[in-house]
Amino acid sequence: MSQEQTADGIRLSILGMRCAGCVSAVEGALAGVAGVNEVTVNFADHSALVKGTADPEQLKLAVKESGFDAAIMEGFEDPAEQEQQEHQRYQQLMQKAKVAGGFGAFLMLIDMLGWMPHMGSPAGQWFWPIVAVITLGIMAYSGDHFYKGAYKSLLLKQANMDTLIALGTGSAWIYSCIVIDYQAMLPTLAAHAYFEAAVVILAFINLGTGLETLARGRTSSAIRQLIGLQPRTARVIRDGEELDIAIEHVGLGETLRVRPGEKIAVDGVLIEGHSSVDESMLTGESLPIEKTVGMQVVAGTMNQTGSFLFTATRIGRDTALAQIINSVRQAQSSKPEIARLADKISAVFVPAVVGLSVFTFLVWIIFGPEPSLGYAFVTSMTVLVIACPCALGLATPISVMVAVGRAAQSGILIRKGEALQTAGKISCLVLDKTGTITEGKPTVAAVSALADLSEDQVLQLAASIESGSEHPLAAAILAAAEQKQLPLSKVTQFAASAGHGVSANIDEQALLFGNTALMAEHKIATDGYNEQLEQFARLGQTPMLLAVNQRIVGIIAVSDPIKKDSAAAVQHLQHLGIRLIMVTGDNKITANAIAKQAGISEVRAQVLPQDKAVVVKELQQQGEIVGMVGDGINDAPALAQANVGFAIGTGTDVAIESADVVILQGSLLKVPEAIALSKATVINIKQNLFGAFIYNSLSIPIAAGLLYPVFGVLLNPMIAGAAMAMSSVTVVTNANRLRWTKLDDTSNR
């Protein structure tokens, strides 16, 4: 396995982070390393993504000096090994919770039964020191990670969750030891030991952290499933022999064999045989895809029935699967705008809590009833324990992490976390026509010969001139010519006019092939053919004129049927109240015919490729939150300009790189699903943040004794520890609900 240092950055696993304050400390430490351009720390999966040219070892050193530990994450981790490590971590925390909780429960039980000797009695003189020593040992075992973290933070002049726990439990133990030695000098009601509180608090916090670890592990299931798709070995053919080799030893251009039931090892092109391939884990498409010679196969997909040979075209980190895994990781680590509020609050939260604890102590010691010292100690300790900002730090990243994983399982690749927040706000969606609403695989519907040429001659000339073009319509004409076995003529001086057509010379004849705009550009009259052109257009076909030496000699009509689910997707989007606009370079009549079939009422036709982004910008200036769905190179500027760009994954790499969200299969239905997930995620984040804010807003005043003057009630420090731990578990559990969100159910929209 190779070290994960790519153009996308270096990923580090961070050990020891326990709150949002830790995130700030790690980010600050990494940002200070020479060569670092950007740092994103993900509290949800305890990782960091660093972009730039920094030395990985320097990054690790910086993290260690800030009080944490770090390791470079490898390219394809073993999912089973990851799960085992998480399970071991969970078991360690549960064991620590059991030890602390068991001793704390024993102390509480003998106290309730009246078996605990008084401190001043002969039995108490040996009993309580022993309890103090045992408590210290249990605190060292069950809370060592908290105390070490607090000490390192102190050295760095920082404060985090560990600081609060260490202060709370440490002061409980120290105060109890003082009571043992000086109980005669203290008021009777203040002469109470809190050894059981110290260990039970640690028990609850370890329990909460353990449950959080267990729940957080589930949020990484999508990544683990994707990594698990990558086979460890591949069968290559070298010197006529079939060899099973490690996946990292497969080279570009090598020939590989795939047998029935095997996973495809790398990306490639099928060169012999045929089969059906299950691509559901990558695309969300449940039906197997038929694969024949010349078709692409993707790493991680499952071969079904046949055996075939293919040539490796992309290996290692260049495979589609590796890119998807990397994109999911980056999206899970990214921070939507809504997270910034939590970050700002968390940065000052712990010092503020320590200040509130001191303030609480002073208020009780000055104004509290006797024994004021006892009350002051209990309330200030409770404030420290209950206010740990774990839930606040987890509120946003855990929801983002779950949502991105949930999307990946549905064939929706969210490349930027910001899209999760913005997609649900989209008010206007711009749709490209070819390959987005339509199949993108046009076919020749009709050939009309207008001069002394035959239909085959018109098709032969059009195919010859289009042989130098990469436009989807050109592919249709070339396919039709190939089907009729028409020979292509040699073309010279080929030139393409974006959105209009092409021109070239064949046998010293000047040919033009394109729309009426191209003819007008070359001053060729088309008035006599308008009725015929409109007839083709009304059928949803795109008519193109062929001119030889300034004379129109034929018309070829190409049709591109709409996808079977486009109309349903449009209906769903309209149900969401989203304004839909189809933008295409086609003429108005053809564009309107296609739009009518799909159910779209607003159309912008004859829009040049470079003007699609202008259309998006105009809509944004009107106050619209614009989404753009496209699949071609000419859609890339508009995808980048839009508030959220959706690229159809069957399209070009340029379009995909420009988009915020990639629909891995060609279905437009995934767009309303992505919007539904966005809305569900934002609601979930708000629920988490609201819960965390309310928890801290209510719990701190109660812990400080706000209810005491009226109801005579003080919060027990042990209950505070349980409440603090459970608040984090609640946030994680709520975020995990996103895993079961029904994205294709219109009732959720």
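Between HIS575 and GLU370, the contour length at 0.36 nm per residue exceeds the Cα-Cα span by 67.2 nm.
Ignoring lysines fewer than eight residues from LYS96 along the same chain, the ones with Cα atoms less than 25 angstrom from its Cα are LYS64, LYS148, LYS152. Proximity of backbone amide H atoms, modeled 1.01 Å from N, is registered between PHE308 and VAL258 at under 5 Å, excluding neighbours fewer than 5 places apart on the same chain. Each residue of segment 349-361 was assigned a 3J(HN,Hα) from its phi angle through the Karplus curve 6.51 cos²θ - 1.76 cosθ + 1.60 (θ = phi - 60°); the sequence is 5, 4, x, 5, 5, 4, x, 5, 5, 5, 4, 4, 4 Hz, with glycine and proline shown as x. Largest first, the residues TYR175, TYR147, TYR182 sort by 1.4 Å accessible area into TYR182, TYR147, TYR175.
The listed residues GLU531, GLU439, GLU272 rank as GLU531, GLU272, GLU439 when sorted by accessible area, largest first, using a 1.4 Å probe.
Taking the protein heavy atoms of segment 561-602 in the context of the full set of protein chains, the accessible area attributed to carbon and sulfur is 52 percent at 1.4 Å.
Under a 5 Å amide H cut-off, with hydrogens placed 1.01 Å from N, LEU486 pairs with nothing among residues at least 5 apart or on other chains. Debye calculation, C-alpha points only, no solvent: report log10 I(q)/I(0) for segment 572-707 at q = 0.14, 0.16, 0.19, 0.20 Å⁻¹, in the same order as the q values. Reported log10 I(q)/I(0), two decimals: -0.70, -0.86, -1.16, -1.26.
Only protein heavy atoms count here; on that basis, with a 1.4 Å probe, ASP278 has an accessible area of about 50 Å². Heavy-atom surface analysis with a 1.4 Å probe gives segment 360-508 a carbon and sulfur content of 52 percent of its accessible area. Accessible area per residue for segment 514-672, computed on protein heavy atoms with a 1.4 Å probe, is 41 Å². Step through the table entries LYS425/LYS670; LYS523/LYS596; LYS157/LYS686; LYS617/LYS679; LYS433/LYS490, compare each Cα-Cα distance with 28 Å, and write down the pairs that go over it. Violating the 28 Å Cα-Cα cut-off are LYS523/LYS596; LYS157/LYS686; LYS433/LYS490.
When the surface is traced with a 1.4 Å probe over the full set of protein chains, GLU370 keeps roughly 130 Å² accessible.
Amide H contacts for MET544 (H built 1.01 Å from N in the peptide plane; partners 5 or more residues away or on another chain; cut-off under 5 Å): ILE556, ALA557, VAL558.
Note that segment 86-170 presents 54 Å² accessible area per residue, ligands and nucleic acids not counted, probe 1.4 Å.
The listed residues MET295, MET544, once ranked by accessible area (1.4 Å probe) with the largest placed first, stand as MET295, MET544. Using θ = phi - 60° in the Karplus curve 6.51 cos²θ - 1.76 cosθ + 1.60, the 3J(HN,Hα) couplings for segment 244-259 round to 8, 10, 5, 4, 6, 9, 6, x, 5, x, 6, 9, 10, 9, 10, 9 Hz; x is entered for Gly and Pro. Taking only the Cα atoms of segment 432-525, the ratio Rg/Rh comes out at 0.95, with Rh defined as the Kirkwood radius. Taking all protein chains together and rolling a 1.4 Å probe, THR422 ends up with roughly 30 Å² accessible.
The values are calculated or read from the model by the stated rules, or taken from the named source; none is laboratory data. Bear in mind the structure is a predicted one, so any value in this text is a computation, not a measurement. When the accessible area is computed, the model is the full protein with side chains, heavy atoms only, and any ligands, DNA or RNA have been set aside. Shrake-Rupley method; radii C 1.70, N 1.55, O 1.52, S 1.80 Å.
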